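Asks: The structure is given below, and queries will be raised subsequently.
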Amino acid sequence: MQQLVKLTGIARLAAEGALLTEKRRVEYRTLPTRRWLNRCHSNRVPFHWSINPYRGCEFGCKYCYARYTHEFMERREAEAFETEIYAKDWDPAAFAAELEAVKPGHIIGIGTATDPYQPMERTFRRTRAVLEAMLPLRGAAIFITTKSNLPPRDIDLLQQLSEHNEVGVTLSVTTMKRELARLTEPYAPRPDLRMQAVAKLASAGIQVGVIANPVLPLLTDSEENLESVARAAKVAGAHQFGAAVLFLQPCAQRVFFPFLAERFPQYLRRYEASFASGAYLKGKYPERIRKIVKQVRERIGIPARGLDLPMPAAPEEAQMVLF
Ligand code: SF4
């Protein structure tokens with residue numbers, strides 16, 4: 001861990017966290033937490049509140065947008081986000097007090113900045129504790145996003161929450177091709193295991209959707225790839241399907257570009273050129289992907305997610321897209 005000198009705020013708290021457990025590649029530490037419920041003020045996010053029981057994510061997706069959250073803790077090495085995971089200290093009384101601010105009609109997103117079903121969630125059960133503590137809520141909307149196949153463990157709580165609130169679980173599956181997923185999302189459960197989780201949730205009456213996010217230009221953006229994910233989702237009983245194009249902030253570029261250089265060098269130059277002046281693609285390419293996704297949905301008969309994250313407006317000086 002880094003030296004304690006000069007660290008303040010969350011960086012200091014992270015540095016002081018106690019070791020929870022150490023796996024071969026990953027170390028989990030505690031993280032003292034002032035607030036579990038974070039108010040979302042951005043109109044780019046369709047939630048009133050977000051909850052992230054962990055910081056960092058063991059799944060290590062090469063394109064992960066959430067790597068910036070480790071930079072707040074002065075953990076800037078590319079690997080730190082996926083090898084130093086922080087489990088927030090759980091305080092049921094404090095959480096219950098925070099929940100009083102949640103009103104009927106409010107939307108809560110769980111897993112907006114990291115996956116709430118980290119592999120060690122099996123042991124730490126932070127996300128399960130959050131769901132359990134939310135049982136008194138009435139009239140809220142609770143949406144979980146994950147790449148894990150662990151959510152069926154919590155079917156009992158999701159069913160209870162659904163009695164008085166709107167509840168939805170969204171599984172992210174970018175491709176059904178195992179080998180490609182293993183390269184781009186090296187430590188996430190296999191796509192077929194995620195689809196099995198979709199089937200279990202759907203058969204338990206839980207609202208479940210699948211998103212093929214992010215759509216990776218030249219890697220997962222073919223109609224054939226998107227349709228295979230949508231078909232698998234439909235067969236599994238998913239209620240919605242959606243897909244949005246990759247955005248690559250600098251912290252994600254620092255991991256994704258070397259990955260491309262190693263595995264898909266033929267695409268590197270086009271990625272670098274397209275993301276040279278910003279994180280978002282605009283113009284014909286995202287429009288084409290939107291059209292493909294719409295056609296796939298119509299062909300398969302699976303509706304859009306009601307909660308699709310609106311893409312932030314690309315700045316005027318956004319790059320020419322080369323895809
Ligand atoms: S599962 Fe989500 S949070 Fe985790 S590494 Fe992948 S994209 Fe990032």
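The values are calculated or read from the model by the stated rules, or taken from the named source; none is laboratory data. This structure is a prediction, so every number in the text was calculated from the model and none was measured. FYI the Cβ positions are ideal-geometry reconstructions off the backbone, even for glycines, and counts take in every protein chain you see. Just the protein is used for accessible areas: all its heavy atoms, side chains included, with ligands, DNA and RNA removed. Shrake-Rupley method; radii C 1.70, N 1.55, O 1.52, S 1.80 Å.
Asks: What nm distance separates the two modelled labels at Ala96 and Arg231, each placed 7 Å from Cα along Cα→Cβ?
Replies: The answer from the label model is 5.1 nm.
Asks: Here's a follow-up. Strictly under 4.7 angstrom between C-beta atoms: which cysteines of the chain have no such partner?
Replies: Cys40, Cys57, Cys251
Asks: Taking the full set of protein chains and a 1.4 angstrom probe, give the accessible area of Arg178 in square angstrom, rounded to the nearest 10.
Replies: 130
Asks: Ok, one more. Can you pull the accessible area of Thr174 for me, 1.4 Å probe, Å² to the nearest 10?
Replies: In the full protein context, Thr174 sits at about 0 Å².
Asks: Please state the relative contact order of the chain as a whole percent: Cα pairs under 8 Å, 6+ residues apart?
Replies: Relative contact order of the chain: 15 percent.
Asks: Once phi is turned into θ = phi - 60°, what whole-Hz ³J(HN,Hα) does the Karplus curve with 6.51, -1.76 and 1.60 give for every residue of region 248-254, x standing for Gly and Pro?
Replies: After applying 6.51 cos²θ - 1.76 cosθ + 1.60, I find 10, 6, x, 5, 7, 4, 5 Hz.
Asks: If you don't mind, another one. How much accessible surface area, in Å² rounded to 10, belongs to the heavy atoms of Glu79 with a 1.4 Å probe?
Replies: Number for this one is 100 Å².
Asks: Next question. Considering only Arg29, Arg125, Arg263, give the residue with the highest GNM mean-square fluctuation for the chain, with springs between Cα atoms whenever their separation is below 10 Å.
Replies: Most flexible of the set in this elastic network: Arg263.
Asks: If you put +1 on each Lys and Arg Cβ and -1 on each Asp and Glu Cβ, how big is the dipole of the chain around its Cα centre, in Debye rounded to 20?
Replies: Roughly 400 debye for the chain.
Asks: Output ³J(HN,Hα) for region 199-209: one whole-Hz value per residue in order, computed from phi by the Karplus curve 6.51 cos²θ - 1.76 cosθ + 1.60 with θ = phi - 60°, and x for Gly and Pro.
Replies: Calculated HN-Hα couplings, in order: 4, 5, 5, 5, 6, 8, x, 8, 5, 9, x Hz.
Asks: Here is a follow-up. In terms of the Cα gyration tensor, with a ≥ b ≥ c the square roots of its eigenvalues, is region 93-300 rounded because a/c is under 1.5, prolate because a/b exceeds b/c, or oblate? Walk me through the numbers before you get to the answer.
Replies: Working: a/c = 1.89, a/b = 1.65, b/c = 1.15.
Prolate is the answer for region 93-300, as a/c is 1.5 or above and a/b outweighs b/c.
Asks: May I pose another question? Just how large is the dipole of region 245-311 about the Cα centre, in debye to the nearest 20, putting +1 at every Lys and Arg Cβ and -1 at every Asp and Glu Cβ?
Replies: Working: 13 positive and 5 negative charges, 53 e Å.
Once rounded to the nearest 20, the dipole reads 260 debye.
Asks: Looking at the chain only, what percent of DSSP beta bridges run antiparallel? Nearest 5 please.
Replies: 20
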